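Beneath this line is the structure, given in structure tokens, with notes to follow.
None of the figures in this text is laboratory data; all of them are computed from the coordinates on show. Here the structure is a predicted model, which is why all the values come from computation and not from measurement.
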Amino acid sequence: MSSTHITVVYKWTAQPGKLDELKSIYEQVTEAMKQNGPDAEAVHCCVSEKDNALYVRDEFKDAAALGLHLSSTAPSHFPQLLAIAAPGPFLFFGDVPEELKQATEQMQLGAEFATEAVARHPRTLRAQQPLNARAGVLAPLRLRRALRVGRRLVAQAVPTWNQMGVWLQELALLREGLSQQGITFRSRETGVATRTHPH
């Protein structure tokens, strides 16, 4: 992720009975961003039936891409959205220019801004990337599930010390029983075949 990248995470709370209409409008917004915003890199929408809300995460290449969205796609759908839903809060992550901050304040989005990553873990970032185009935002969930399954299989395959102790005792008893019956066996260490004789 480049230093100019901007992420916007926000919420629209629909009026009673308007959630489906809100989802429909956002399908239009997503399509408009795809057609008119080449540097709008991604849009992720999640629906909460419980909260009667739509949660959205927009990814922009830079401030210019965000500015294009705020000056074109957003205004064309904003009146429809405001008629059926309440906006905010809108959380902006990245270096947002002052003029764009002022624009969001005029739109009364309840905007908040964070410009600096305090901590970043490279392995976490790799896990957040899609494994393929189909996986999309589900890739991190599938990755975590695969890791859990892998750990469980390893745990089942590797014996505990207690289990190994039991196996060694059983092996010693088996060897003693074979020896009493005069059964030939081969030493794994020396490769020499020996035959024991009962007393």
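Sort out for me the Cα centre separation of segment 1-39 from segment 70-90, rounded to whole Å.
The two parts, judged by their Cα centres, are 9 Å apart.
Classify segment 1-51 as rounded, prolate or oblate, taking a ≥ b ≥ c as the square roots of the eigenvalues of its Cα gyration tensor: rounded when a/c is under 1.5, otherwise prolate if a/b is larger than b/c and oblate if not.
oblate
Taking the alpha-carbon distance from Lys18 and a cut-off under 18 Å, which aspartates and glutamates remain once sequence neighbours fewer than 8 residues away in the same chain are dropped?
Candidates past the 8-residue exclusion: Glu27, Glu49, Asp51.
Expected output is a single nm value to one decimal: the length gained when fully extending between Val47 and His77, i.e. 0.36 nm times separation in residues minus the C-alpha distance. What is it?
So the extension gain works out to 8.9 nm.
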